[in-house]
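The values are calculated or read from the model by the stated rules, or taken from the named source; none is laboratory data. These numbers were taken from a predicted model, which means no experiment stands behind them. Quick reminder, even Gly has a Cβ in these numbers, built from the backbone with ideal geometry, and neighbours come from all protein chains shown. Note: areas computed on protein heavy atoms with side chains; ligands, DNA, RNA excluded. Shrake-Rupley method; radii C 1.70, N 1.55, O 1.52, S 1.80 Å.
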Amino acid sequence: MPSITFRNARATDLPTIIQLLANDAIAQSRTGYAEEVTPAVDAAFKEITADPNNEIIVGEQDGQVVATLQVTYIPGLGRGGIRRALVEEVRVRSDLRGQRIGEALMNEAMARARARGCALIQLTTDKRRHEAQRFYARLGFVASHEGMKRPL
């Protein structure tokens, strides 16, 4: 695997993060898809990074951001009051997929979640993302629940 370092995202990373998120056919088919930093995206980034229960993690290779994800740490009353981590927006630059960068990124997210006292990590993935589902299963994730969404 290539040498990757992980850190919290900075505002200067935002254009690259948006490019990573946009380089995806499923994302492009959704309402609200953006290829550039809009005022709404900038505001969301600021809100996420100001919230101590949220992190946007980036993976760097040779000084370039090549991977990203968002993790939210959620306290809960169920299961005896455990904390859980919710992972969203996982992306690896398309030309670098298959090099275990995504695995290293997810391992980083899991280590951070453990360090914050989380007992569970969860995510959803679009039903059309068959390769992603195999990837997450290889990392030990189990499709134990049926996720549902509804526009508001």
What does the highest-first list of 40-51, 103-114 look like by mean Cβ count within 10 Å? 103-114, 40-51
If each of residue 100 and residue 51 carries a label point 7 Å out from its Cα toward its Cβ, how far apart are those two points in nm? 3.3
With the full set of protein chains in place, find how many percent of the accessible area of the chain is carbon and sulfur; take the probe as 1.4 Å. 52
Prolate/oblate/rounded label for the chain (Cα gyration tensor, a/c 1.5): rounded
Measuring with a 1.4 Å probe in the full set of protein chains, what accessible area per residue, in whole Å², belongs to the chain? 63
Might you report the magnitude of the Cβ-based charge dipole of the chain about its Cα centre, with Lys and Arg at +1 and Asp and Glu at -1, to the nearest 20 debye? 700
